[in-house]
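A short write-up of the structure that comes next.
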Amino acid sequence: MSGFFISFEGIDKSGTSTLAELLVDHLQNSSHEVVFTYEPGNTELGGEIRHLVLDWKPQGEIDATAEMFLFAADRAQHVNELIRPSLDAGKVVISDRYVDSTLAYQGYGRGLNLNDLRMIQNVATGGLMPAITIWLDVDLQTARKRGWGTGADRIEKEDEAFFKRVRQGFAAGYKSEPGRIFRVDGSQSISDVFEDVKKVVAGRMSGTK
Ligand code: TMP
């Protein structure tokens, strides 16, 4: 595998999609071949799973473990159909969300056992982890100013306590893997956040073009 894998993580409204897209343009302009992708949903199967986990409104509750396996199924398909082949072809892959979202949302948010989750993630991904994960850290006040809480999807409808736990989950990941996960203050202006993101990426990618 000769490509370079970068993921963006954070609570809802932290800016992962915006920053991932800015980084795609920036790296393309520096002559990298870049693939932008996201979870859940960027394969044919994944699109169906995204509908089930986010948009579908069942009459009952979706069980937390069932939800976690749906995200894991999306990820297995995503890795094998798109991420790994793109890396094998020498491309830079930038994913809006990956494994750390499951640890934060299903582990810290829903309270599922973290060791079990890590094992299942390892099966789903075949052990493939990003070279760099950028955690855009925002507090709930900032997220709310950006429209958090007004979102219609099933997970965005969770309460503040849930998102506080999710944020703690990202913080715990950052503390335990400082060589992979980089914290960027996502409450700054977009241009300042992007400057910080570029610094992290430039520091780690030098010599990979
Ligand atoms: P987004 O595409 O707008 O970021 O929405 C994805 C939502 O799904 C977001 O609330 C985070 C959540 N999610 C999980 O709970 N677990 C996961 O493993 C992933 C990838 C996303």
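Just so it is clear, none of the values below were taken in a lab; they were calculated from the coordinates. Fair warning: this is a prediction, and the values are worked out from it, not measured in the lab. Every residue, glycine among them, receives a Cβ derived from its backbone with ideal geometry; neighbour counts consider all protein chains shown.
Panel note: the C-alpha atoms of the range 4-205, placed on their principal axes, show extents of 49, 37, 29 Å (largest first). Considering every alpha-carbon pair of the range 128-209, the percent of pairs per 5 Å bin, from zero through the bin containing the longest distance, is 3, 13, 20, 21, 19, 14, 7, 3, 1. The label-point distance for Ser189 and Glu156, in a model that sets each label 7 Å from Cα toward Cβ, rounds to 2.6 nm. If you run the Gaussian network model on the chain, springs between alpha carbon atoms under 10 Å, then out of Ser101, Ser30, Ser187 the most flexible one is Ser30.
May I ask you to sort Tyr108, Tyr174 by Cβ crowding, counting other Cβ atoms within 10 Å and putting the fewest first? Display every interim value, and only then the final one.
Numbers: Tyr108 21, Tyr174 18.
Listed from fewest to most nearby Cβ atoms, that is Tyr174, Tyr108.
Just in the range 1-108: which GluC sites (Glu not before Pro) are loop by DSSP and have at most 10 other Cβ atoms within 10 Å? Here the GluC sites (Glu not before Pro) that fit, given the DSSP loop and packing criteria, are Glu61. Only helices enter this figure: runs of n ≥ 4 DSSP H residues, each worth -39500 (n - 2.57), summed and divided by the residues of the chain, yield -13500 deg cm²/dmol at 222 nm to the nearest 500. Here's how it looks for Val138: its modeled amide H is under 5 Å from those of Ile11, Gly186, which are all 5 or more places away or on a different chain.
Projected label points at Trp56 and Ser31, each 7 Å from Cα along the beta carbon direction, are separated by 4.8 nanometres.
Modelled this way, with points 7 Å down the Cα-to-C-beta line, the labels at Arg146 and Glu81 are 2.8 nm from one another.
Here the 3J(HN,Hα) profile of the range 142-156, calculated from phi with Karplus coefficients 6.51, -1.76 and 1.60 at θ = phi - 60°, is 5, 4, 5, 4, 8, x, 4, x, 9, x, 8, 6, 4, 7, 4 Hz, Gly and Pro shown as x. Rounded to the nearest Hz, the phi-derived 3J(HN,Hα) couplings of the range 121-131 under the Karplus curve 6.51 cos²θ - 1.76 cosθ + 1.60 (θ = phi - 60°) are 5, 5, 5, 5, 9, x, x, 6, 10, x, 6, where x marks glycine and proline. By the rule of a C-alpha distance below 25 Å, with chain neighbours fewer than 8 residues away ignored, the lysines paired with Lys13 are Lys57, Lys145, Lys157, Lys164, Lys175, Lys198, Lys199.
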